[in-house]
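Beneath this line is the structure, given in C-alpha cells, with notes to follow.
The values are calculated or read from the model by the stated rules, or taken from the named source; none is laboratory data. Being a predicted model, the structure only gives us computed values, none of them experimental. Here the Cβ positions follow ideal geometry from the backbone for every residue, glycine too, while neighbour counts run over all protein chains shown. Each accessible area value is taken on the protein alone, full model and side chains, heavy atoms only, with ligands, DNA and RNA left out. Shrake-Rupley method; radii C 1.70, N 1.55, O 1.52, S 1.80 Å.
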Amino acid sequence: MKFGLFGSAQAQRGGPDLDSGQGFRDWIDYHVEAEALGYTSAFVVEHHFTGYGQVSASLNLLTWLAARTKTIRLGTAVLVLPWHNPVLLAEQAATLDLISGGRLDFGIGKGYRHNEFAGFRVPPEEAEPRFEESVEVMTRAFVSRERFSHRGKFWQFDDIVVEPPPSQQPHPPFWVAAGSEASIRKAAERKFNLILDQYASPEVIGQRIALYRSAGMANGRIAVARQAYVANDRADAVAALQKQAAWNKRTVEVSRAPDGKTGSHVLAYAATPQGTEANALYGTPHEISETLGKLQAAGVEYIILTLLGGKDQLRRFAREVMPAFAG
C-alpha cells in the first residue's frame, strides 16, 4: 500500500505585520520532508472566495514544490475546469510536467461549491458541458503537434499549436473524483484514474473499486482519500475528531446553496450525523492499522491522507503506521 498526501496550504490575510506567504512556505517544507519519509504524492485542492486563504493557484504552488523535490508525484485534486481557459491550462500543466520530469497527476473536476459558481457567475447547469468541452480541447492540445482550430459552445480558438509538449506521453494522466455509479463508469470509459472520497466506508469503497475494474479499467489507478490522526489514546482521538468536525462543517457551509440543496459527496455525507467523520483514520496506530487492513481487503492500494497536526503527525504516521503496509 502506498501513501500520499491531500490538502491545502493557507495564506492568511492580514495587516502589514502578517507574512501571508508563510503558510505556503510551511506547506512546501512539509512536503519536502514527506518525500524523505516515503510519501509518494502531494495532491492539492483548488478553491476560491472562502475568505480563509485556501489554495487558488494550484499549479503555481506545485511548480515550487517540483523545484524542491525529486520523486514525489504532484497532483491536483482537483482543478475545476469551468473556471479556466482550457488552452492556457493545458500550457501551464505541460510546463509543470516538463520541469518536474513527468511527475504531474492532472486531477480535474466540474466544481461543487455554490460560492464559487456564484462568484464566477457560472450557472451550475453549465458545469457538465463546460467540463466536457474543456477535456476535449485540452486532450487535443496535449497530443496534437499540428495547428488546429476549435469552435465550441464556450470556447473558440483559431489556428493554434499548444506549447510546450508535456513530458508524459501522450499526456499527464487525468484523474477525476467520482462516487456515483454513472460517474465511475464514465471515468472508466474515458480511461481516467479515479479518486474516491474520504467519507465512504470500506465496504462502499470496495464496491466502487469493483465497479471501476469491471467497467474496463483493470489497470487504472485508484486513490482513496482519508482524513487521519495518530492518537495517543481514545480520548486524544475523540478530541481531534471534534476539531476535524468543525473544519468539515466550515467546508459544508461555504459549499451549500442558499436553498440547502446538496450537489456533491461532501454535502450528501453532511446530511448524516457524524457522516463526514465516521470513516476517518483517527485512532492509535493499532486502530488505524485495523481500518487500513479493511480498506486493503476491499482492494485499496493507494491512500492520500489529510493529516491533522503538522509535521509531528506526518512523522508519526510514517514511522508508526506505514511500515506495516510497506511492500
Quiz item: Could you count how many residues in the stretch 72-95 are more than 18 Å from TYR39 (Cβ to Cβ), crowded, with 24+ Cβ neighbours inside 10 Å and of a type outside the set (Gly, Ala, Ser)?
Solution: 2
Practice problem: Tell me which of these VAL162 doesn't satisfy, since it passes every other one: (1) farther than 15 Å from LEU88 by Cβ; (2) at pLDDT below 95; (3) of a type in the set (A, V, I, L, M). | Solution: (1)
Quiz item: When only residues in the stretch 200-224 that are without any contact (Cβ under 8 Å) to a residue 40 or more places away in the chain and small (Gly, Ala, Ser) count, which is surrounded by the fewest Cβ atoms within 10 Å (Cβ to Cβ)?
Solution: ALA218
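Which ranges mark the strands (runs of 3 or more DSSP E) fully within the stretch 1-110 that have 3 or more residues being in contact with a helix residue (DSSP H, G or I) (Cβ under 7 Å, 6 or more places away or on another chain)? Let's see the steps before the verdict.
Values: elements: 2-7, 41-44, 73-76, 104-109.
Filter on the stretch 1-110 gives 104-109.
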Practice problem: Determine, yes or no, whether ILE304 is of a type in the set (A, V, I, L, M), farther than 12 Å from LEU37 by Cβ and out of contact with any Gly (no Cβ under 8 Å at 6 or more places or on another chain). | Solution: no
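Residues checked against (1) under 18 Å from GLY4 (Cα atoms); (2) aliphatic (A, V, I, L, M); (3) without any contact (Cβ under 8 Å) to a residue 40 or more places away in the chain; (4) open to solvent by 10 Å² or more (accessible area, probe 1.4 Å):
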| position | (1), (2), (3), (4) |
| --- | --- |
| SER180 | no, no, yes, yes |
| ARG185 | no, no, yes, yes |
| ASP197 | yes, no, no, yes |
| ARG226 | yes, no, no, no |
Practice problem: Could you grab the pairs with beta carbons closer than 7 Å, sequence gap of 6+ or different chains, first residue in the stretch 19-36 and touching a residue at least 60 places away in the same chain (Cβ under 8 Å), second one open to solvent by 40 Å² or more (accessible area, probe 1.4 Å) and in a helix (DSSP H, G or I)? | Solution: TYR30/LYS311; GLU33/LYS311
Self-check item: Hits in the stretch 165-178 (condition: open to solvent by 20 Å² or more (accessible area, probe 1.4 Å) and under 14 Å from the mean Cα position of the chain (by Cα))
Solution: PRO173, ALA177
Exercise. Please work out which one of (1) modelled with pLDDT under 95; (2) among the β-branched types (Val, Ile, Thr); (3) under 24 Å from TYR302 (Cα atoms) is the condition VAL238 fails and give its number.
Key: (3)
